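Beneath this line is the structure, given in structure tokens, with notes to follow.
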Amino acid sequence: MFTYPSGGGDVAVHVYGSDFAAAAGLADYVAAAAAAAVAQRGAFTLALSGGSMVKSLAGLVGREDVDFSKWVLYVDERNVPLSSPDSNHAAAHAQLLRKVPVPASQVLTLKEGLPVAQAAVHYEGQLLELSGSVLPRNAAGFPEIDCVLLGVGPDGHVASLFPNRRETAATEGWVLPVSNSPKPPPERITLSMPVLNAGKNVAVVALGQGKAEVVQRALEVQTLPGALPVQLVQPTSGKLTWVLDEASASSLAVADWAAGSKKFPRSENPPKPSA
Ligand SMILES: O=C1O[C@H](COP(=O)(O)O)[C@@H](O)[C@H](O)[C@H]1O
């Protein structure tokens, strides 16, 4: 593990030797956040994005030290039927939810068939209903989700907050509608940046060579605000962690810092794969 400075404070960056090791590390990270939240409030709230990130959730399957019955989940959504191959909810279900005992009633689900603005209002309503002990709010009134797991697109988008878009700069609202998304499908609903940043444990998960360029730009290049939405992920009082593998970290200057050996400063105690 090493740290990078960022606008909002230091970022803890973990570089794992494989996607398998990264999934195990991510599972430990989520399990620790869940245990702390359940001990404190009897509930654990988790926000998931979609795309390739959900594959990294595999390490959670079969964890007997995790009380999945206390989980409440939100999924970054594309406004498509839940049966669509584009549905992030379907992907989360296939990779994790059908394999762990999270009660279906505790997975907030997009209401199918609504215009995107109404779908966002409906989804936000589900979050608002949980306000209180399950979902406390911060001083600014935003929900403090225990753990926010974000992928990042090659253009730097997180959740469905794309570069140089009004939604990305929004300072109000919990769940926002997105129309004309630059990446298909065009209609989505997304947690807002203030909600992502109200998270207690926020992780950006980027694995594989295809993410190397955006990882390098995000961590080492100063861009204009909004040009690379992932750079706006700066938790207000929570902790920010990046989960990388050697391929996605391969363009970082830190690769050279390791005495030119191209060896990465990995986690000192790499987590063991779960059974
Ligand atoms: O469309 C989306 O893409 C991003 C990144 O996906 P990836 O497949 O390039 O890793 C994802 O994080 C986001 O939640 C999703 O809606």
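Every number here is computed from the coordinates shown, using simple stated rules; none is lab data. Note that this is a predicted model, so its numbers are computed, not measured.
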Segment 111-185-segment 13-54 distance, computed between alpha-carbon centres (Å): 20
With runs of 4+ DSSP H residues as the only contributors, calculate the mean residue ellipticity of the chain at 222 nm using -39,500 (n - 2.57) per run, divided by the residue total and rounded to the nearest 500. -6500 deg cm²/dmol
Given the options T45, T109, T171, which has the most mean-square fluctuation in a GNM of the chain, springs set between C-alpha atoms less than 10 angstrom apart? T171
Check: in the chain the Lys pairs 8 or more apart or on separate chains whose Cα atoms fall under 21 Å apart number 12
If you line up the Cα atoms of segment 3-142 on their principal axes, what length do they span on each, largest first, in Å? 43, 38, 35
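How many Å³ per residue does the convex hull of the Cα positions in the chain occupy?
On the way: hull volume 32.5 nm³, N = 275.
Enclosed volume per residue, from the Cα hull, is 118 Å³.
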For a bin width of 10 Å, list the pair-distance distribution of segment 112-208 built from all Cα-Cα distances, rounded to whole %. 16, 47, 33, 5
